[in-house]
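Okay, structure first, notes after.
The values are calculated or read from the model by the stated rules, or taken from the named source; none is laboratory data. Everything quoted here is computed from the prediction, not taken from an experiment. Glycine also receives a Cβ, built like all others from the backbone with ideal geometry; neighbour counts cover every protein chain displayed. Calculation scope for accessible area: heavy atoms of the full protein, side chains included, ligands and nucleic acids excluded. Shrake-Rupley method; radii C 1.70, N 1.55, O 1.52, S 1.80 Å.
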Amino acid sequence: MNESLDLAVVGAGPCGIAVGAAAAGTGLRTVLFDRGPITASLLNYPWYMTFFSTAQKLEIGGVPFTIPDSRPTRRDALAYYRRVVKHYGIEVRQHHTITDVARDEGGFRLSVTRRDGQAFTVQARAVAVATGGFHEPNALGVPGETLPKVHHYYHEPYPFTNQDVLVVGAGNSAVEAALEMYRNDVRVQLVHFLDRIDRGVKPWVVPDITNRLEKGEIPVHWQHRVAEIGWNEVVLRHVETGAPRTLPNDAVVAMTGWRANPRLLRALGVSIDDDTGIPTHDPDTMETDVPGIFIAGVLAAGHNANKIFIENGKEHGGRIVAALTQSGAP
Ligand SMILES: Cc1cc2nc3c(=O)[nH]c(=O)nc-3n(C[C@H](O)[C@H](O)[C@H](O)COP(=O)(O)OP(=O)(O)OC[C@H]3O[C@@H](n4cnc5c(N)ncnc54)[C@H](O)[C@@H]3O)c2cc1C
């Protein structure tokens, strides 16, 4: 069990895989660990979604992402990233959760727990933490949020057919979920604390959602927040007046974003900016202020997951491996 690696990568999402691809052929003994299957986060995305990036922009390690259309679907991406793993022979330990990383002589000791509960440690001279930003949903923080009718991950409209569903938020995920439900016989409404959809909504989606909202085909409650969730209704409150508004309701789809959990980094003593949530690191090497600890992917964006995504987070892998091979490993 006391295996010794040159590089342990925590997380086999697209950006963790990019580290593995960059390490392939360099002689660095590298293993990726993921608490779920390969690209576990993407598995939890809306099942029929299309990426906003083109396939070329999502390519990793020079492996062509060949599809007949410009933008890939979730299914295309799931198959593609598995192809990259196979192409480079990247070792991924799926369903292996890294519960702790501690300094140890000659590097670091990773505590690993498998899904059968077996726990053991692995040694590594360097560690790249690529655990993403999809750990925990941003909670509404209201009574009733733990009811099973409240969902922070949206997959498809069919569980909600002929039901009253409230979508919370007006970003890409919220707008696309609302449109898909509207087109599949769901009585969907939208609530947002601002008075417009988010600026980051995909340009080709804006006309569609704007028309649905203006025509009242998707009723919208601007400048309101969810105040309380009951089994058969939700209570909204106006952000300024506090005036309540009660809606009949069967389900709440809270598209309020997710956030990273930098717990492993904090435990190692990596400094994390309180305001931005960004771990201190050198952007040229992605090495943190704890030598031998690197970060990759959306985790490096802190609270603002829109700043780093696959298109740019995939570059981190090359920088990490270059730093390791040039320095002849720490
Ligand atoms: C609906 C949607 C559409 C998107 N469209 C695009 C797009 O078009 N273009 C684009 O560039 N980006 C897009 N993104 C963003 C993109 O998916 C993320 O930025 C990307 O997944 C980040 O990759 P990552 O490898 O950093 O993190 P993740 O993909 O989140 O991977 C992190 C991995 O770490 C694992 N993990 C976490 N903690 C542990 C632990 N303790 N031990 C072991 N494993 C652990 C997780 O299981 C996960 O597999 C989209 C996101 C969403 C939600």
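Using DSSP, restrict attention to beta bridges with both residues in region 139-254 and report what percent are antiparallel, rounded to the nearest 5.
Roughly 40 percent of the beta bridges in region 139-254 run antiparallel, per DSSP.
Let's see if you can work this out: charge +1 on each Lys and Arg Cβ, -1 on each Asp and Glu Cβ, no other charges. What is the dipole magnitude of the chain about its Cα centre, in debye to the nearest 20?
Once rounded to the nearest 20, the dipole reads 540 debye.
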Report summary line: One would report the antiparallel percent of DSSP beta bridges in the chain, rounded to the nearest 5, as 50
**Report entry** region 1-54: C-alpha gyration tensor shape, a/c 1.5 cut-off, then a/b vs b/c
**Finding:** oblate
Requested in this report: Collect residues whose amide H, placed 1.01 Å from N in the peptide plane, falls under 5 Å from the amide H of residue 100; neighbours closer than 5 in sequence don't count.
Outcome: 111
Query - Charge sum, other residues only, whose C-beta stays under 9 Å from residue 247's C-beta, Lys/Arg counted +1 and Asp/Glu -1 - result: -1
Report summary line: One finds the C-alpha centres of region 288-318 and region 99-125 to be spaced, in Å, by 22
**Report entry** Sequence-separation-based contact order of region 139-254, relative, with Cα cut under 8 Å and 6+ spacing, percent
**Finding:** 33
Report summary line: A student applying the Cα gyration tensor rule (rounded when a/c is under 1.5; otherwise prolate if a/b is larger than b/c, oblate if not) would label region 139-254 oblate
Report summary line: Taking a straight Cα-to-Cα line shorter than 27 Å from residue 314, and setting aside same-chain lysines fewer than 8 residues away, one finds 57, 86, 202
Query raised in the report: Hey, what number do you get for the chain at 222 nm if only DSSP H runs of n ≥ 4 count, each worth -39500 (n - 2.57), divided across all residues, to the nearest 500?
Result: -6000 deg cm²/dmol
Query - Inter-part distance where region 38-62 and region 168-196 are each reduced to a Cα centre, Å - result: 22
**Report entry** Relative contact order [Cα under 8 Å, 6+ residues apart], the chain, whole percent
**Finding:** 20
Report summary line: Relative contact order as a percentage, region 208-304, C-alpha pairs under 8 Å and 6+ apart, gives 14
Report summary line: Cβ-Cβ cut-off under 12 Å around residue 135, Lys and Arg +1, Asp and Glu -1: the net charge is +2
**Report entry** Helix axis angle, 316-326 relative to the chain longest principal axis, alpha carbon, degrees
**Finding:** 10
Query raised in the report: Can you give the accessible area per residue of the chain, in Å², using a 1.4 Å probe?
Result: 47
Report summary line: Sorted list, accessible surface of protein heavy atoms, 1.4 Å probe, largest first, for 81, 45 is 45, 81
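Among the GluC sites (Glu not before Pro) within region 197-239, which fall in a DSSP loop and have no more than 13 other Cβ atoms within 10 Å of their own Cβ?
217
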Report summary line: Under 5 Å from the placed amide H of residue 294, counting only residues 5+ away or on other chains, we find 127, 128, 129, 288
Report task. Specify whether the C-alpha gyration tensor of region 11-84 places it in the rounded, prolate or oblate class, a ≥ b ≥ c being the square roots of the eigenvalues: rounded for a/c under 1.5, otherwise prolate if a/b is larger than b/c and oblate if not. Result -> oblate
Query raised in the report: Where the centroid of each part is defined by its Cα atoms, how far is region 262-278 from region 205-225 in Å?
Result: 38
